[in-house]
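Undergrad: Before anything else, here's the structure in question.
The values are calculated or read from the model by the stated rules, or taken from the named source; none is laboratory data. Computed from a predicted structure; not experimentally measured. Using ideal geometry, Cβ is built from the backbone for each residue, glycine included, and neighbour counts are taken over all protein chains shown. Quick note on the areas: whole protein, heavy atoms, side chains included, nothing else; ligands and nucleic acids left out. Shrake-Rupley method; radii C 1.70, N 1.55, O 1.52, S 1.80 Å.
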Amino acid sequence: MNVIVVGGGLAGLTAAKVLRERGARVRVLEQRAEVGGRVRTRDIDGFRVDLGFQVLFTAYPAVRRHVDFAALDLVAIPPGAVIRKPGGADRMGDPVRDAAVLLDTLSASSLHFSDKVRVARLALQLKVPPAHSLLYGSEESTLDFLRRQGFSYASIDAFFGPFFGGIFLKRDLSPSAGLFRYYFRMLTDGEAAVPKLGMGELPKQLARGTDVRTNVRVTRLDAAANGVRVQTSNGVEEASHVIVAASPPEIRRLTAADVPSTPVSSTYLYYGASVQLDDETRLQLGTSGGLINNALWSSNTNAALAPRHAHLLSVTVLGDPPLDDKALDHGVRAELSRWYGPDEVAKLRLLSLDRVRFAQFAQPPGFERTLAGHATPWPNVLIASEGTSMSSIQGAMESGEKAAAILLGDVEAMSRPRGA
Ligand SMILES: Cc1cc2nc3c(=O)[nH]c(=O)nc-3n(C[C@H](O)[C@H](O)[C@H](O)COP(=O)(O)OP(=O)(O)OC[C@H]3O[C@@H](n4cnc5c(N)ncnc54)[C@H](O)[C@@H]3O)c2cc1C
């Protein structure tokens with residue numbers, strides 16, 4: 001078997017890793033100068049800046065099968081959150097990840113007592129079934145599910161909206177309740193962590209030992225019974241099999257497969273400071289109606305992300321606001337001024353502003369029915385993509401595993417349920 005994998009994101013790299021480990025000849029063609037796709041880290045003036053704020057859930061099953069956590073030197077983001085509100089902030093422990101910290105949380109006035117009890121009860125309920133089974137069941141939005149559980153609008157507005165909105169990239173909690181239940185469980189089973197040198201270390205680790213050719217864009221596939229001709233920006237290559245692991249819109253273009261590709265966008269601003277404005281280590285949640293959904297002083301838990309004596313703040317603005325970069329920076333600073341005062345905020349230097357137009361694909365209730373399979377019109381061309389599972393690190397990696405398993409005839413791995 002001589003396999004070409006198109007795309008060096010998490011799905012493609014995982015497929016290539018599995019194939020390589022099982023003795024197949026495999027090479028990855030990646031259009032960019034580096035691997036990682038949507039998971040990359042840049043060095044900006046000595047700051048390690050991720051391309052968008054994202055975290056690794058250590059409980060993701062596919063991640064556990066393929067990632068060496070010790071080598072990544074993972075740094076956990078402390079549980080809990082700070083709920084910013086007009087005139088102050090509520091600091092809360094994390095009943096999601098640890099029902100035992102409920103007492104700490106009780107002092108936070110943003111959540112009613114009954115909501116705190118419900119969070120703890122939900123954590124216990126969702127702990128029982130196999131995690132992947134939580135993806136299935138009622139076809140409702142996260143918002144409807146939370147309302148059905150009896151949570152108050154106040155708790156949804158102040159906590160669930162921004163906290164889970166930061167994961168789904170939708171503060172309105174319109175995504176499927178199955179995803180909410182799954183992520184909730186991932187948070188109770190493990191940690192939300194970031195490699196010491198940034199999220200880009202994850203794809204770099206997966207790529208180690210694999211033949212990856214960067215700066216090679218695949219422009220067209222022509223499949224025949226005896227193999228596949230792969231036209232690239234560098235000429236034509238031949239393979240017995242091809243796994244297309246590009247982003248969903250590009251998979252559609254190359255294979256005509258119906259991969260979900262309605263984009264969910266998000267915008268990220270990273271600031272550097274030479275003085276510490278805040279020693280808070282928890283995720284900070286912005287008020288509804290504002291620009292800031294969540295913010296984190298990343299260097300407070302992971303000093304390696306900033307140069308010596310410097311500090312790194314990441315700010316997430318959901319969607320793609322209709323403001324130019326200057327106005328957006330200005331608007332975010334105005335909100336940060338309410339937290340820290342304008343004199344302190346003037347000390348922040350904007351390091352990067354990224355509008356990620358295709359961060360995830362839309363996952364409303366029932367999105368499962370729109371997922372792609374691994375097959376294409378050609379028997380020797382397969383798909384590996386989050387678009388076969390869910391828009392997440394788990395979804396991308398399990399899809400890569402399954403595409404490889406199909407080529408290898410590994411029945412056990414190919415029949416693993418979604419999310420397992
Ligand atoms: C800002 C942001 C925040 C996120 N937060 C989280 C989070 O906290 N937790 C979580 O689990 N998930 C999160 N996600 C989702 C997760 O990162 C993605 O689901 C996952 O990385 C998708 O991987 P992929 O390999 O399927 O696709 P991609 O990462 O899109 O990889 C596709 C690769 O194919 C390459 N390519 C495309 N076309 C061609 C071509 N023609 N020729 C050669 N190469 C090509 C691309 O350059 C790219 O490298 C987030 C995503 C973003 C962007």
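Undergrad: Can you pull the percent of the chain's accessible area that's carbon plus sulfur, 1.4 Å probe, other chains left in place?
TA: Solvent-exposed carbon and sulfur of the chain make up 52 percent of the total.
Undergrad: Grab the other residues whose beta carbon is less than 14 angstrom from that of residue 354, score K and R as +1, D and E as -1, and report the net.
TA: +1
Undergrad: Further question on the same structure: Just from its helices, what would the mean residue ellipticity at 222 nm be for the chain, if runs of 4 or more DSSP H residues each count -39500 (n - 2.57) and the sum is divided by every residue, rounded to the nearest 500 deg cm²/dmol?
TA: Mean residue ellipticity, 222 nm, calculated: -8500 deg cm²/dmol.
Undergrad: Any chance you could run the full-extension gain for residue 71 through residue 355? It's 0.36 nm times the residue separation minus the Cα-Cα distance, nm to one decimal.
TA: Extra length from residue 71 to residue 355 when fully extended: 99.2 nm.
Undergrad: Next question, about the same structure. Of 146, 277, 2, which is farthest towards the positive pole of the chain's charge dipole, taken about the Cα centre with +1 and -1 on the beta-carbons of Lys, Arg and Asp, Glu respectively?
TA: Ranked along the dipole, the leading option is 2.
Undergrad: If you don't mind, there's one more thing I want to ask. How much length would be gained if the chain were fully extended between residue 148 and residue 253, taking 0.36 nm per residue of separation minus their Cα-Cα distance, in nm to one decimal?
TA: Difference between extended and current length: 33.7 nm.
Undergrad: Given +1 on the Cβ of Lys and Arg, -1 on the Cβ of Asp and Glu, and no further charges, what dipole in debye does the stretch 282-420 carry about its Cα centre, rounded to the nearest 20?
TA: 260
Undergrad: Same structure, new question: How far is helix 393-408 tilted, in degrees, relative to the longest principal axis of the Cα atoms in the chain, given as a value from 0 to 90 rounded to the nearest 10?
TA: 20
Undergrad: Let me ask you something else. Applying the Karplus parametrisation 6.51 cos²θ - 1.76 cosθ + 1.60 with θ = phi - 60° to the phi angles of the stretch 9-22, what ³J(HN,Hα) value in whole Hz is obtained for each residue in order, glycine and proline being reported as x?
TA: Working through the residues one at a time gives x, 5, 5, x, 5, 5, 4, 5, 4, 5, 5, 4, 5, 9 Hz.
Undergrad: Next up: Taking the Cβ of residue 419 as the centre, find all other residues whose Cβ is under 14 Å away and add up their charges (Lys, Arg: +1; Asp, Glu: -1).
TA: +2
Undergrad: Taking 22 Å as R0, compute the FRET efficiency from the Cβ-Cβ separation of residue 265 and residue 214 and round it to 0.05.
TA: So the FRET efficiency works out to roughly 0.30.
Undergrad: Would you please name the trypsin sites (Lys or Arg not before Pro) within the stretch 219-317 that are DSSP coil residues with at most 11 other C-beta atoms within 10 Å of their C-beta?
TA: 308
Undergrad: In the stretch 191-284, which chymotrypsin sites (Phe, Trp or Tyr not before Pro) are in a loop and have at most 16 other Cβ atoms within 10 Å, using DSSP for the loop call?
TA: For chymotrypsin sites (Phe, Trp or Tyr not before Pro) across the stretch 191-284 that sit outside H, G, I, E and B with at most 16 neighbouring Cβ atoms in 10 Å, the list is empty.
Undergrad: Next up: Would you kindly state how much longer the chain becomes between residue 42 and residue 136 on full extension, computed as 0.36 nm times their sequence separation minus their alpha carbon distance, in nm to one decimal?
TA: Length gained between residue 42 and residue 136: 30.1 nm.
Undergrad: Are there trypsin sites (Lys or Arg not before Pro) in the stretch 115-209 that DSSP puts in a loop and that have at most 14 other Cβ atoms within 10 Å, and which ones?
TA: 127, 208
Undergrad: Would you mind telling me the antiparallel percentage of the DSSP bridges in the chain, rounded to 5?
TA: If we restrict to bridges inside the chain, about 75 percent are antiparallel.
Undergrad: Give me the accessible area per residue for the chain, probe 1.4 Å, as a whole number in Å².
TA: That works out to 39 Å² for each residue.
Undergrad: Also, quick follow-up: How high is the FRET efficiency between residue 2 and residue 174 when r is their beta carbon distance and R₀ equals 51 Å, given to the nearest 0.05?
TA: 0.70
Undergrad: To continue, here is another question. Could you calculate, for the chain, the ratio of the Cα radius of gyration to the Kirkwood radius, expressed as Rg to Rh?
TA: Across the chain, the Cα-based Rg/Rh ratio is 0.98.
Undergrad: I've got another one for you. Report the calculated FRET efficiency for residue 117 and residue 89 (r = Cβ-Cβ distance, R0 = 25 Å), to the nearest 0.05.
TA: 0.65
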